[in-house]
1. For the chain, take the longest principal axis of its alpha carbons; what is the angle in degrees between that and the long axis of helix 20-41, to the nearest 10 within 0 to 90?
2. Keeping every protein chain in place, order Tyr44, Tyr109 by accessible area at 1.4 Å, biggest value first, i.e. largest first.
3. DSSP loop GluC sites (Glu not before Pro) in segment 192-239 with at most 13 other Cβ atoms within 10 Å of their Cβ, which ones?
4. Taking the Cα centre of the chain as the origin, how large is its charge dipole in debye, to the nearest 20, when only Lys and Arg (+1) and Asp and Glu (-1) carry charge on their Cβ atoms?
5. In deg cm²/dmol and to the nearest 500, what is the mean residue ellipticity at 222 nm of the chain if only DSSP H runs of at least 4 residues count, each as -39500 (n - 2.57), divided by the residue total?
6. Remind me, what semi-axes does segment 110-266 give for its equivalent ellipsoid, largest first in whole Å, using sqrt of 5 times each Cα gyration tensor eigenvalue?
7. Can you sort Ile399, Ile305 by solvent-accessible area, 1.4 Å probe, largest first?
8. In segment 333-487, how does Rg compare with the Kirkwood Rh, expressed as the Rg/Rh ratio over alpha carbon atoms?
Amino acid sequence: MRRSRKNAVKKKKKRRKFRLKTYVFLYFMVVVLFILVILWVFQYFFLPRYYRAAKIRDVSDVAQKLISGFGRENIDFNARRMAFNNNMFILITDEDGKDVALENNLGNYSVFGKDKEINFGKTLYQFRQKLQSADSDHVTSIVTNDDFGSEEVFYCQKFNDGGSSFYLFIEAPIEPIDSTVDIVREQLVYITIILFELAFIVTVLISHRISLPIEQLTETAKKFGEGDYSIEFKAEGYREIEELSVVLDDAKNEVKNVTDLKKDLIANISHDLRTPLTMVKAYAEMIRDLSGDDPKKREKHCQIIIDEADRLSNLVNSILELSKLESSNTELDLSSYSVHEQIEDVLKRYTLLIEENGYDISFIPDEDRIIRADHDKLSQVLYNFINNAVNYTGEEKHIRIRQINTPKAVRIEVVDNGPGIPKDKLKQVFDRYYRGGKVKRETVGTGLGLSICKEILRLHEFAFGVASEEGSGSTFWFEIPINQNDNE
Ligand code: ADP
């Protein structure tokens, strides 16, 4: 199993992909080639056909103009103008073959013209017959002029005007465009060469612009992978890469923070583990060697061992709890209940502390409200906040739990008048394993309490935070959004 995975990794490594530059170049070339092929196909194969179709369209346009103006405009003038402008032979005859208008702009070149002179309109008559057997009201033919070997459009249409029928004949040469086609083709060769060179230059520039910043980021990432956190992910050129470098830089800072915190953790945890273990060992030895026979001392020493064991299990429990909360499969057990009930329930646990150690812990309530939350988890948050306040409060031992109702939420604040938290550390207190510098042995914690609170509040999607003034105390708070319906 393991071997096959190794082989797969090897294979993955072996099958090297092209560089980004190569891909960009290849794609660009494919596009250029595609454009060129289309250009060539159109110029080489379709240009003469297209030209012919355009000519037929012209002839038919002229015919429609002549027919629509027939009877209303001066037909002789119209025919002359059209014949002259479009280089055509135009003939309109009545049903009997008598000329109504005749305009020959083609001279001797005209097949129809010659037919009229030499054959007395025999070809024209045949063409008229062809029209009669056709389905449509006009016929168009492309014929080769026997005398000159060039192509021409012959057009014949029957139309009615004022109760009589008329025939319109048009002959138009399709001028040879060989020389034009040759010029276009020659130009196409130049265009192809220029386009290829241009494509080459542009792809080199584009791919350089795209891949250079990526290469820079890769270099930086390599150093980062080797554990150099002094690097800075910085790449410019286009928005995506700039965004990527910002994200990578943020990730790097996060990793750096976590690494620093982990280092602290190892120092803290090993200290926290070692101290109780040393105590457990020392007191156990003491019971064995000295106090075993003295019940009073033995009990006292046993109690110390139990306390220290509790401390150890607290630490281990906190670590487990946090990793469970962070493992994303934690589900909240939501229910609706009174906020007063929750706070009073938590405060019950502090009765002993208040009575024996002189702490002044008071609840300043607002109007009771029904909240929706995971009761046990929210109690845990309150415990953590209050425990911290107890641990870090000043000599006055004064702690307030304040309920403030706002239109949309219930805000709970735990206020102490302890030493406060320096401004630059405020952001870190909710971080895992963060512990303030001067922590007394009695207030030994795990550095995990607030991160557990953070995870619980995040799961609930409650806003939370801390405000603190150095020297005058801290306020840890969270806000429970309320459902109006529950409170009506
Ligand atoms: P700990 O187990 O160390 O209390 P927490 O995550 O609960 O861990 O708190 C992290 C750190 O935040 C504490 O070590 C302390 O420096 C600081 N802190 C928390 N609550 C208070 C408070 N009420 N007053 C001053 N500092 C506090």
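1. It works out to around 20 degrees.
2. Numbers: Tyr44 100, Tyr109 55 Å².
The ordering from most to least exposed comes out as Tyr44, Tyr109.
3. Working: sites: Glu197, Glu215, Glu219, Glu226, Glu232, Glu236; in loops: Glu226, Glu232, Glu236.
Here the sparse-neighbourhood loop sites are Glu226, Glu232, Glu236.
4. Values: 68 positive and 76 negative charges, 555 e Å.
Once rounded to the nearest 20, the dipole reads 2660 debye.
5. Details: 13 runs with 268 residues, N = 488.
It lands at -19000 deg cm²/dmol.
6. Working: eigenvalues 1396, 96, 17 Å².
The three semi-axes for segment 110-266 are 84, 22, 9 Å.
7. Details: Ile399 0, Ile305 40 Å².
Per-residue accessible area, sorted high to low, gives Ile305, Ile399.
8. On the way: Rg = 15.2 Å, Rh = 15.9 Å.
Taking Rh as the inverse mean 1/r over Cα pairs, Rg/Rh reads 0.95.
The values are calculated or read from the model by the stated rules, or taken from the named source; none is laboratory data. From a predicted model like this one, the values you see are computed outputs, not experimental measurements. Please note: Cβ atoms are built from the backbone with ideal geometry, for glycine as well, and neighbour counts cover all protein chains shown. We work out accessible area using only protein heavy atoms, side chains counted, and drop any ligands, DNA or RNA first. Shrake-Rupley method; radii C 1.70, N 1.55, O 1.52, S 1.80 Å.
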